[in-house]
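The values are calculated or read from the model by the stated rules, or taken from the named source; none is laboratory data. Please read all numbers here as calculations on a predicted model, not as lab measurements. For neighbour counting, all protein chains shown are included, and Cβ atoms are generated from backbone atoms with ideal geometry for every residue, glycine included. These accessible areas exclude ligands, DNA and RNA; they are computed on the full protein's heavy atoms, side chains included. Shrake-Rupley method; radii C 1.70, N 1.55, O 1.52, S 1.80 Å.
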Amino acid sequence: VGFQKILTLTYVDKLIDDVHKEFRDKYRNEFQQKGALGLLNGTFDFKDDFMRLLREAEESSKVRAPTVMKTFEQSLKSQKTVKCMIETRGEKPKEKVKNKKNKGSKKDGTEAVAVPSKASASDKQLSASGDKEELTKDEILQKNREEFFRRHMKAGEKSRSPKPDAQKEKGKKPRVWDLGNSNAKVLDYSNSATNGSAEACPVEEFDPDMALGDKNREPGRLYDLEYESDDEAEEEKVVQNPSKPSVKKGGLGGMFGMLKGLVGSKSLTRQDMDPVLEKMKDHLIAKNVAAEIAVQLCESVAKKLEGKVMGTFTTVTSTVKQALQEALVQILQPQRRVDVLRDVMDAQRHRRPYVVTFCGVNGVGKSTNLAKISFWLMENGFSVLIAACDTFRAGAVEQLRTHTRRLNALHPPESHGGRAMVQLYEKGYGKDAAGIAMEAISYARNQGFDVVLVDTAGRMQDNAPLMTALAKLIAVNAPDLVLFVGEALVGNEAVDQLVKFNKALADHSMAQTPRLIDGIVLTKFDTIDDKVGAAISMTYITSKPIVFVGTGQTYCDLRSLNAKAVVAALMKA
């Protein structure tokens, strides 16, 4: 029974049933009288009965005769003659419907229905008319097949013949965009890659309002980031100190108790501040401030306020909130302020180009914001050379070439004495980025460009080979300003990116005093509403200023950071 799959015994199931019935009938009375104890204490002599049942089962299996296979003469195949295999053409199918049924029955596996039950009787009853009928069936099947293929071949020829005309009439037409050009030759810029020449970027006609956005702007001015705070309209929620007497006690006692909680007769303790600081910490994390930095900020505020006597008519909540706001404004206003225009003019006096290198992770908007900064510099009268040092990402050079073409259309050479205000320096793909940057700086020095903006490939902070290449580019070319481009959408990731970028630049630099990140470009600021915590995280971890803020898709969507506006958005409930 245990090895039924190995040793196939046909009588096993019958044997088990017989043993079950025999054992039940033999000891039924004993089970009913003694109950469960009879199973445990009783002795069952069933060996002889089992052997008898086993012999009976084996004998019954031997009685059945094994099935014998049919001989060739008994099969249907032997009834077919050579004549039925000969193909004769020109005869019309007579039993088309009948043959279709037979054909379907063969597919369903019901061929055995047509086979006679007794092979000997079928041999005797076979006649000449039967041979002819069998022959006709095969011929009809063959003819049906031929007609089927012939019909499909004719249908294929008919459908193929008008195909070229149909393609000409119903072929897919390319979409024509409003600002695009339908001529493929005009759109092909692959061969116009002469470095440092205005011919490399032909002037393109397009609507300047779509590229500039704000019509009432002042050219060359970098506006502050604005945020309309409605805190004044909101009523401040006062969290009462548990130690304060309740106002509900009534009379003068309740009034004096309320005044006692407001006037400055008590110094702040950690127990008073903990509930408020816990809520402030959760609020900062909800606004995209990194969790670690939110904890550190609350700890610094607690140490600053501990033991301080509260002012007159102030609550614990308002005191902690005011201290936190002051700390946040101080974080967003670092000691060293980056003034790009002043530094560019200083480099002009020394007759050298001012070099800015952009770095960051993939997809944060380095090339787009580089084009915005190029436009801002051109508005202030400086000539710009863009170095295409992203030799890895497909389409990176073409993207910068398009921006250069658009910027030249906004500031045509005719308005600047025949000189293009922005040009692109590129050497294609797969080249050494540090070498291209060095050549671009040398070219800018010889041609008298004011600013060189170096675009680099996006890289993750954990990729050691790419971080080594970035450190090499910065160490070899010694740019005046290294800008980290980060998006305002990130939370804890902002800390990880900046810490590891700075660490990689320090570890892979060959100089004794390694060059680190000098400033931050915060992009996609228009997508976060009031969740501005990334600005706090980035400046807190690096102590570097946010130089530019990207707020949209046009060239004018570039702002300088307004610390008070960011803090107002951060503290909004």
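Bins of 5 Å, beginning at zero and ending with the bin holding the largest distance: percent of Cα pairs per bin for segment 402-442, please.
Histogramming segment 402-442 at 5 Å steps yields 5, 22, 20, 15, 18, 13, 6, 1 percent.
Where the convex hull is taken over the Cα atoms of segment 340-571, what is its projected area averaged over directions, in nm²?
Projected area, direction-averaged: 12.4 nm².
Let me understand segment 267-332 better: what is its radius of gyration from the alpha carbons, and its Dmax, in angstrom?
Using the Cα atoms of segment 267-332, the pair Rg, Dmax is 11.4, 34 Å.
For segment 340-571, report the accessible area per residue in Å² (1.4 Å probe, heavy atoms, rounded to an integer).
37 Å²
Explain nothing, just compute: Karplus ³J(HN,Hα) = 6.51 cos²θ - 1.76 cosθ + 1.60, θ = phi - 60°, for every residue of segment 293-307 in order, whole Hz, x for Gly and Pro.
Running phi through 6.51 cos²θ - 1.76 cosθ + 1.60 with θ = phi - 60° gives 6, 4, 5, 5, 4, 5, 5, 5, 5, 5, 5, 5, 8, 5, x Hz.
Scan around LEU558 for amide H atoms under 5 Å from its own, H built in the peptide plane at 1.01 Å from N, and keep only partners 5 or more places away or cross-chain.
Counting only residues 5 or more places away or on other chains, the set is THR551.
Considering segment 473-523, what Rg and Dmax in Å follow from its alpha-carbon atoms?
11.8, 35
Please report, in whole Å³, the volume per residue of the convex hull around the C-alpha atoms of segment 403-513.
137 Å³
Counting each pair of different Cα atoms once, what's the Kirkwood radius of segment 514-563 in Å, rounded to one decimal?
After inverting the pairwise mean of 1/r, the radius is 11.6 Å.
Around TYR425, which amide H atoms from residues at least 5 apart in sequence, or from another chain, sit under 5 Å from its own amide H, with H modelled in the peptide plane?
Under 5 Å from the amide H of TYR425: ILE386, ALA387, ALA388.
Place a +1 charge on the Cβ of each Lys and Arg in segment 340-571 and a -1 charge on the Cβ of each Asp and Glu, then give the dipole magnitude about the Cα centre in debye, rounded to the nearest 20.
380 debye
Regarding segment 302-412, what whole-number volume in Å³ per residue does the convex hull of its Cα atoms give? Working shown, then result.
Details: hull volume 22.3 nm³, N = 111.
It comes to 201 Å³ per residue, whole-number rounded.
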